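Right, one structure below, let's go through it.
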Amino acid sequence: MPRYCLYIASLAVLAAGSTSLAHDGPHDVIARLSKKISVQGPTADLLFRRACEYRALREYESAKSDLRHALRLDPTSEFTQIELIRLQLAGGESIELLHQVDALLDSHDAAVRTAGHAIRGEIYYAHRQWQAAIAEFDIALKNHRSEIQWYLWRAEAQREAGQTESQIRGLRSAYELTASPVVQAALCDALIADAGRGLAQKDGRASASRAEAIAMIEQKLQDFRLKSAWQIRKAEVLLLSDDHAAANRELNKAIAELDARLATPHPDPALVQDRQKAMRLMH
């Protein structure tokens, strides 16, 4: 069986191949692989690698075509099956894929079994079956503890299921393990939301969540040169205690920074969303 690029069921596929391709863009790699295929004939390995590049370019139909061809050449490749299932899931073919994923759960390869559970989690998540999604991500994360996206999906499923304490506890543990700034931001947002709910319901936990969030925010404002996202979070916390004047000061600073960063021919959509959020919060 040919050696395929290592696939650990993450959002990114780690494409294998020679180091000479490592610094080329997807278009360059596709051109080189296509030339090899035309000269040498298609192999499952070359088709899989080209599919990885098509996927990076969001050319999903081309990627799926290569993966199906690769599977015809080597029907035993579990990594190719996983990637094809994930592309089908991205295209909306979700609940119908469960039976294909189930076959992967009997694999002798622990990475394949882990990927299978994560994909089942994605499928249940897409269909708003929150508890089933949480259970699958729990299993996947026990075997592969560094996958950031799985933590985020599980946290969102927990939020939707009303499991706020589990959501915060899971994100806190994930941040301690990974030190991911993305996870930390998600944790802070969860704490702010929890504080808001707690204040509305006169829950004593609200003050603890608020205190943890503000401590995190102040540290980030001290450490970071680009502060707008954390200034917006600070404004959200200030609004919990109806301190509109202080909140507006933070929002004005955030908007000024964002305006400067958005003055480019191709503004980052995430920054556009941040600015829209800051404007909505203004009083």
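The values are calculated or read from the model by the stated rules, or taken from the named source; none is laboratory data. Treat the numbers as computed from the prediction; the structure is a model and nothing was measured. FYI the Cβ positions are ideal-geometry reconstructions off the backbone, even for glycines, and counts take in every protein chain you see. The area values use the complete protein model at the heavy-atom level, side chains included, leaving out ligands, DNA and RNA. Shrake-Rupley method; radii C 1.70, N 1.55, O 1.52, S 1.80 Å.
Numbers below:
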quantity: Asp243 vs. criteria in contact with a helix residue (DSSP H, G or I) (Cβ under 7 Å, 6 or more places away or on another chain) and either of a type in the set (S, T, N, Q) or at pLDDT 95 or above (or both); calculated: no
quantity: Identity of the residue in the range 1-30, open to solvent by less than 60 Å² (accessible area, probe 1.4 Å) and part of a helix (DSSP H, G or I), that ends up modelled with the lowest pLDDT; calculated: Leu21
quantity: Residue within the range 73-84 that is at pLDDT below 95, among the aromatic types (Phe, Trp, Tyr), over 22 Å from Glu156 (Cα atoms) and open to solvent by 20 Å² or more (accessible area, probe 1.4 Å) present; calculated: yes
quantity: Asp259 open to solvent by 20 Å² or more (accessible area, probe 1.4 Å), over 26 Å from Gln149 (Cα atoms) and not in a helix (DSSP H, G or I); calculated: no
quantity: Subset tally (residues that are open to solvent by 80 Å² or more (accessible area, probe 1.4 Å) and either touching a Cys at 6+ places or on another chain (Cβ under 7 Å) or not small (Gly, Ala, Ser) (or both)) for the range 183-204; calculated: 4
